[in-house]
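> One structure, pasted below without further comment.
Readers should treat all values here as calculations from the given coordinates under stated rules, not as data from a laboratory. Just so it is clear, the model here is predicted, and its values are computed rather than measured. A quick note on method: Cβ atoms are made from the backbone with ideal geometry, for glycine too, and the neighbour counts reach across all protein chains shown.
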């Protein structure tokens, strides 16, 4: 089925535009058209289907359930809930606020915040096509494990002490408080028409938020695919030196994209010889440790907690990249 997008790109570039396959511009444009059309179609289908299935989700019930579980199980559930919510790092923050004001331990909310931007249904489909399903499942496991480990470490550090005072003081003693961003998800006993409307609205909202990052991400990937000399990235970061993984993590911080937008870039880097672990470390850092996210989090976290969160993310992503490189050898 995915061959349809290759055929479309072939027709536009080689038949309609008359470019030659050996031209750098042709290779870039072919990559851009093929991946953009493929990603947008997958986005429409997958987001609608997942939203339709989630249309009866009651977020307050999820929060209350997490609050009453064993802490380790809470980390697992928080990470898994993050994995099934199609949010980027910034759009996960409203739910993070809702969890925090519901008196769910900060570690569980952090597990959600770490995992949510790293894993989503579209990223899984795209990674499966690039790296195979076995490695993609390992990535999902590592992403969930990273969320759990980050949550545990932040709980051990008593991170709740370093929330901004207005948020810490607003946490009630004995009852959960609804957050306006999460109240719209309380949709019990919906009929098919209501579920369709919810799924369509969610699809529209998410597409409006991320479509530009798809074009930016694919555009960057297309430029790399067509114009970066073969072997340049491999010679710079691709020899497997230990320092290339933390270097990739640091490079990813100034960038901002969701997993869907960065995967085409990762595909190009892999095609140019970058080791899988180094590429995955760059991807995880880009989607889960961006500057815009930290600007938003500064509104609810003190500098000390923000620094803890950043350091933990850098360590987790670096270790994950080293593990991926070892597994790929």
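> Where does each of 106-112, 194-200, 20-26 land if you order them by average Cβ count within 10 Å, highest first?
106-112, 194-200, 20-26
> Just rank 40, 326, 310, 269, fewest to most, by other beta-carbon atoms within 10 angstrom.
In increasing order of surrounding Cβ atoms, one gets 326, 310, 40, 269.
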